[in-house]
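Presented below is the structure to which this report refers.
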Amino acid sequence: MSAKIFIDKYIKQFKAMNPKYDVIYTVSKDDPITFEDSENVKLSMAIIADTHLPNRESAEKNLANTFEDIKNSKESFDAFLMAGDIADYGTNNEYERFFRVLDKQTAVDKLLVTMGNHDARIFYKNSTKIIKDKIKAYLDDKTGKIYYSCDIKGYTFIVLCTEKRMLEKAHISSEQIAFLDRELARGTKDGKPVFVMCHQPFAETHGLPEVWKTGDMGEQNDEVRAVMEKYKNVFFINGHLHGGIFEKVAEVINEENNVHSISIPGYRKENNFGITDCGVGYFCEVYDDRVIFRARKFISGEYKTGDYTRFEYKLI
Ligand SMILES: [Fe+2]
């Protein structure tokens, strides 16, 4: 490693640790979110991932920007999805900051969250308890499980989550896989799309393993994928890779059945490929015949344009 690379890396790491260098974003009202066909939209959601929230006021403010951006729009949003790695280390202070923002927001109706490996790897029990309590509070879920499903405006959402402390991957029990199977069967029976969320993506999707050697779901990967591939119009939302808006953001999981996977960029930090901006997620518009995902820099209230910023899927 040359001296310059070493020094640059050191400075970057130092800045990342030091609140003094935090950028606090403001939300522009110049170009608010508009749907492509507001009259006919049946369901809408904003999706972010990997907030890795540190115990810092700046990060809390920057997260609140997402809801401010949604609120600035004239469109109504039914749900907010956060695809895991809520907290950076999983401390109580970090969760307090994250959930203070969610508890206060009035921009969306339903809040769906899941744990990522950063939530699960150190304080597994404590994080699980905090997040289960929130699932219960936000969705009136009485199962007491860390994985769950809910119906919003007649559409089914299924949220998968590791049931064990893991460093990076997820442990999905056979009970959870059976639950996924049942809920997919129920949610797709009338031909409607179903949205599944898990922090970790499938192996060999979104540029894996090149983009991140150990970035896949883990041991139950093939089993979970096989279940998802059985059903029609399934959209799998995941995070974890911090890939940015790049050529591997969207992946076809099963062409015949119209099963797709979307890798949501990391919110908190700069991403690794393509458009690397932090604070970017996707919002989703669901119509009777199609589903559209569009990139949005929620942290500052801006559209991102260019390749891979819009995906449209015809429903079958
Ligand atoms: Fe992660």
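Here is a check on your reading of the model: is residue 168 farther than 18 Å from residue 238 by Cα and surrounded by fewer than 22 Cβ atoms within 10 Å (Cβ to Cβ)? Full working, then the answer.
On the way: farther than 18 Å from residue 238 by Cα: no; surrounded by fewer than 22 Cβ atoms within 10 Å (Cβ to Cβ): yes.
Taking the combined requirement at face value, the residue does not satisfy it.
What number of residues within the stretch 188-209 satisfy the criterion of being of a type in the set (Lys, Arg) and in contact with a Phe, Trp or Tyr (Cβ under 8 Å, 6 or more places away or on another chain)?
Looking only at the stretch 188-209, we keep the residues that are of a type in the set (Lys, Arg), and these are 189, 192.
Subset that is in contact with a Phe, Trp or Tyr (Cβ under 8 Å, 6 or more places away or on another chain): 192.
Residues flagged as of a type in the set (Lys, Arg) and in contact with a Phe, Trp or Tyr (Cβ under 8 Å, 6 or more places away or on another chain) within the stretch 188-209 amount to 1.
Could you look through the stretch 1-54, keep only residues that are within 30 Å of residue 288 (Cβ to Cβ) and of a type in the set (S, T, N, Q), and pick out the one that is nearest to the chain's Cα centre (by Cα)?
44
Restricting the search to the stretch 108-123, which residues are buried (at least 18 other Cβ atoms within 10 Å of the Cβ) and out of contact with any Leu (no Cβ under 8 Å at 6 or more places or on another chain)?
108, 115, 116, 118, 119, 120, 123
Do the conditions hold for residue 124, that is, is it within 16 Å of the ligand (Cβ to nearest atom) and among the hydroxyl-bearing types (Ser, Thr, Tyr)? Give the steps one after another, and end with the answer.
On the way: within 16 Å of the ligand (Cβ to nearest atom): yes; among the hydroxyl-bearing types (Ser, Thr, Tyr): yes.
Criteria met by residue 124.
Please go through the stretch 244-269 and give me each residue that is among the aromatic types (Phe, Trp, Tyr) and surrounded by fewer than 21 Cβ atoms within 10 Å (Cβ to Cβ), ordered by number.
The answer is 246, and nothing else.
Is the stretch 234-245 home to any residue that is more than 19 Å from residue 85 (Cα to Cα) and out of contact with any helix residue (DSSP H, G or I) (no Cβ under 8 Å at 6 or more places or on another chain)?
yes
From the list 66, 51, which residue is polar (S, T, N, Q), out of contact with any Cys (no Cβ under 7 Å at 6 or more places or on another chain) and part of a loop (DSSP other than H, G, I, E, B)?
51
Which residues, counting only those in the stretch 1-32, are surrounded by 15 or more Cβ atoms within 10 Å (Cβ to Cβ) and farther than 30 Å from residue 117 by Cβ? First the steps, then the outcome.
Narrowing the stretch 1-32 to residues surrounded by 15 or more Cβ atoms within 10 Å (Cβ to Cβ): 22, 25, 27, 32.
The one that is surrounded by 15 or more Cβ atoms within 10 Å (Cβ to Cβ) and farther than 30 Å from residue 117 by Cβ: 32.
Which residues, taken from the stretch 1-48, are in contact with a strand residue (DSSP E or B) (Cβ under 9 Å, 6 or more places away or on another chain), of a type in the set (S, T, N, Q) and assigned to a loop (DSSP other than H, G, I, E, B)?
28
Could you run through the stretch 57-107 and say how many residues are within 26 Å of residue 166 (Cβ to Cβ) and either among the β-branched types (Val, Ile, Thr) or surrounded by fewer than 18 Cβ atoms within 10 Å (Cβ to Cβ) (or both)?
Narrowing the stretch 57-107 to residues within 26 Å of residue 166 (Cβ to Cβ): 59, 63, 80-99, 102.
Add one more test, that the residue is either among the β-branched types (Val, Ile, Thr) or surrounded by fewer than 18 Cβ atoms within 10 Å (Cβ to Cβ) (or both), and what stays is 86, 89, 91-93, 96.
Qualifying residue count, the stretch 57-107: 6.
Going by the conditions given, is residue 280 more than 26 Å from residue 88 (Cα to Cα), in contact with a strand residue (DSSP E or B) (Cβ under 7 Å, 6 or more places away or on another chain), at pLDDT 95 or above and surrounded by 24 or more Cβ atoms within 10 Å (Cβ to Cβ)?
no
So which residues in the stretch 193-205 are hydrophobic (A, V, I, L, M, F, W, C) and within 16 Å of the ligand (Cβ to nearest atom)?
The answer is 197, 198, 202, 203.
Given the options 254, 221, name the one that is over 23 Å from residue 79 (Cβ atoms) and in contact with a helix residue (DSSP H, G or I) (Cβ under 6 Å, 6 or more places away or on another chain).
254
How about the stretch 279-298: which of its residues are touching a residue at least 60 places away in the same chain (Cβ under 8 Å) and either outside any strand (DSSP E or B) or closer than 19 Å to residue 203 by Cα (or both)?
279, 287, 288, 298
Out of the residues in the stretch 124-143 that are under 19 Å from the mean Cα position of the chain (by Cα) and hydroxyl-bearing (Ser, Thr, Tyr), which is surrounded by the most Cβ atoms within 10 Å (Cβ to Cβ)?
For the stretch 124-143, the residue satisfying everything is 127.
The values are calculated or read from the model by the stated rules, or taken from the named source; none is laboratory data. Quick caveat, the model's predicted, so the values are computed rather than measured. Cβ: placed from backbone, ideal geometry, glycine included. Neighbour counts: every protein chain shown.
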